[in-house]
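The values are calculated or read from the model by the stated rules, or taken from the named source; none is laboratory data. Just so we're clear, the structure is a prediction, and the values are computed from it rather than from any experiment. Neighbour counts run over all protein chains shown; Cβ positions are idealised from the backbone, glycine included. Just so you know, the surface numbers come from the protein's heavy atoms only, side chains and all, with ligands and any DNA or RNA stripped out. Shrake-Rupley method; radii C 1.70, N 1.55, O 1.52, S 1.80 Å.
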Amino acid sequence: MTKKNTFQTPIGTRDVEPADAARWQALISAFQNEAELAGYGLLHTPIFEDLGVFRRLGEGTDVVTKEMYDFVDKGGRTMALRPEGTAAVCRSFVQHRPPTPWKVWYHGPFFRYESPQAGRQRQFSQLGIEAIGSADPDVDVEIIAVAAKVLEAVGLKRVLLLINTMGDADTRVAYTAAVRDHLKANITELDASDRVRVDDHPLRVLDSKHMSSRDVTTRGPQLRDFLSAAAISHFERVQTGLGALGIAFAIEPRLVRGLDYYTHTLFEFQASALDGAQNTLCGGGRYDGLVEELGGPDTPGIGFAMGIERMLLACDAERTYPAPDIRPQVWVIDVTDGTSARDLTHQLRASGHRADRSFDGRSMRSQMKAADRSGAVVALIVGDSELADGTVAVRRLRESADQAIIARTDVVAHVAQVLAESPAISTPKDEDIQ
Ligand code: ATP
Ligand code: MG
């Protein structure tokens, strides 16, 4: 016998099977709800774009230099699977020039060639929002509040909001140069893994986990000494706003985030319940120069992205946000010729009940087993005598296992009543299932 070829998901990717996918979909709906309440509309952009769109994230960043899924298409164009959403949203803004502020949200898969581990994949999914066209610090507050509301909606409690400011673009450039000079002057004291970042991305050394490197940066130049009065008052307004909305935060001067385009407010929500290297649930900030970099007018913007896989890992760790119940409520057992099962499931579904059945003319025993396994609350049973009498036997499966004989014409209404009285079961709410 020759061995058949079998295939597995590529490294760093996975199948999301139905029970997980239902929970996943519920999280998207929860996010949609908060985004729409705040005036953000859904935007879909392509999964791949011209590589140039993403180059603007910064030539010194890992996302651009090491992790990009880029390829040349059959027409000779250099394309990339999108590694993040913000640059694509800005590209879309420049292309369509909608009225500002342009407030959009998005969700979908993103791609980075990373070393896979728990909470870090090569294909992962993000939820995000962006507000383009206003420099008002109250937009920063609004954006952070949407993220906070989503975390609250799924019941996550052990989360920390860290904020920082990068100042304006000039401040970022001046500060980056000062940090680089300081690091170079003290290069021998830096951990080896940080030495290689000094030239291209010195600010990333600020959030190094190595104590020797942290000692060097602690006595180095501090960003607050570089901030303009306008940048300070922007950041103060953000803090006042968060306070007014009751959103707890901590200022973390070492928070820099990975991409080059950030200015002014930066923030991260971290999950205390997750392992340190993958504990950022959601990160974002202002990017006041990005739209211009992509060929548009000088336009401010701010947004964040939230990792769906990490959100659900954090929910698991905090034992919150269980998967919505997608089990059938009713199982139809038909030991005649299947016609009653065909018609009754159709009628029940039309009345909004999750109804299912066995196929292939199984025995009573086998259909009963399937009904029990399904988790349904009620079984409807049609045998020869019920068929002859125009009735259906209605049996509760979970608690009492009592049985009633109901006229076929009344059975859907009867089932609706039984389900309404059964506390264990619910028809999924609109917000649970999209
Ligand atoms: P990290 O420092 O954890 O690599 P990042 O700064 O690269 O995060 P962003 O580019 O800001 O992350 O992406 C926003 C969110 O998307 C992250 O906070 C995280 O929840 C999620 N995310 C990013 N990369 C991955 C990945 N490879 N696998 C799973 N989730 C990811
Ligand atoms: Mg990363």
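Counting the residues of region 33-84 that are in a helix (DSSP H, G or I), out of contact with any strand residue (DSSP E or B) (no Cβ under 7 Å at 6 or more places or on another chain) and within 13 Å of ligand 1 (Cβ to nearest atom) gives 3. Are any of the residues in region 176-190 in the same structural domain as Q222 (by TED's automatic domain parsing), touching a Pro at 6+ places or on another chain (Cβ under 8 Å), open to solvent by less than 70 Å² (accessible area, probe 1.4 Å) and free of Cβ contacts under 8 Å to residues at least 24 places away in the same chain? Yes: one or more hits. Of all residues in region 257-277, those that are free of Cβ contacts under 8 Å to residues at least 60 places away in the same chain have Cβ atoms under 6 Å from Cβ atoms of residues that are within 14 Å of ligand 2 (Cβ to nearest atom), 6 or more apart or on another chain, in R257/G283. Being modelled with pLDDT of 95 or more and closer than 19 Å to R254 by Cβ is a property that V159 has.
Scan region 239-256 for residues that are among the β-branched types (V, I, T), open to solvent by 20 Å² or more (accessible area, probe 1.4 Å) and touching a residue at least 60 places away in the same chain (Cβ under 8 Å) and the total you get is 2. Cβ-Cβ contacts under 8 Å between residues 6 or more apart (or on different chains), taken from a first residue in region 116-136 that is within 15 Å of I308 (Cβ to Cβ) and away from ligand 2 (no atom under 15 Å from the Cβ) to a second residue that is assigned to a strand (DSSP E or B) and among the hydroxyl-bearing types (S, T, Y), are listed as L127/Y106; I129/Y106. Checked against the criterion of being out of contact with any Ser or Thr (no Cβ under 7 Å at 6 or more places or on another chain), away from ligand 2 (no atom under 16 Å from the Cβ) and without any contact (Cβ under 8 Å) to a residue 40 or more places away in the chain, region 81-89 contains not a single residue that satisfies it. Answer with yes or no whether L203 is closer than 30 Å to M311 by Cβ, in a helix (DSSP H, G or I) and in contact with a Leu (Cβ under 8 Å, 6 or more places away or on another chain). Judged against the criteria, L203 is not a match.
The selection criterion, being in contact (Cβ under 8 Å) with a residue 24 or more places away in the chain and within 16 Å of ligand 2 (Cβ to nearest atom), does not hold for E318.
Scanning region 356-373 for residues that are under 39 Å from the mean Cα position of the chain (by Cα) and in a loop (DSSP other than H, G, I, E, B), we see that the one that is surrounded by the most Cβ atoms within 10 Å (Cβ to Cβ) is S358. What do you reckon, is A277 open to solvent by 40 Å² or more (accessible area, probe 1.4 Å) and either near ligand 1 (Cβ under 10 Å from one of its atoms) or touching a Gly at 6+ places or on another chain (Cβ under 7 Å) (or both)? Against the criterion (open to solvent by 40 Å² or more (accessible area, probe 1.4 Å) and either near ligand 1 (Cβ under 10 Å from one of its atoms) or touching a Gly at 6+ places or on another chain (Cβ under 7 Å) (or both)), A277 qualifies. Residue check: Y262 meets all listed conditions (1) open to solvent by 20 Å² or more (accessible area, probe 1.4 Å); (2) closer than 22 Å to S134 by Cα; (3) in the same structural domain as R158 (by TED's automatic domain parsing) but one, namely (1). Looking only at region 332-351, count how many residues are surrounded by 20 or more Cβ atoms within 10 Å (Cβ to Cβ) and either over 34 Å from the mean Cα position of the chain (by Cα) or at positive phi (or both). Qualifying residue count, region 332-351: 8.
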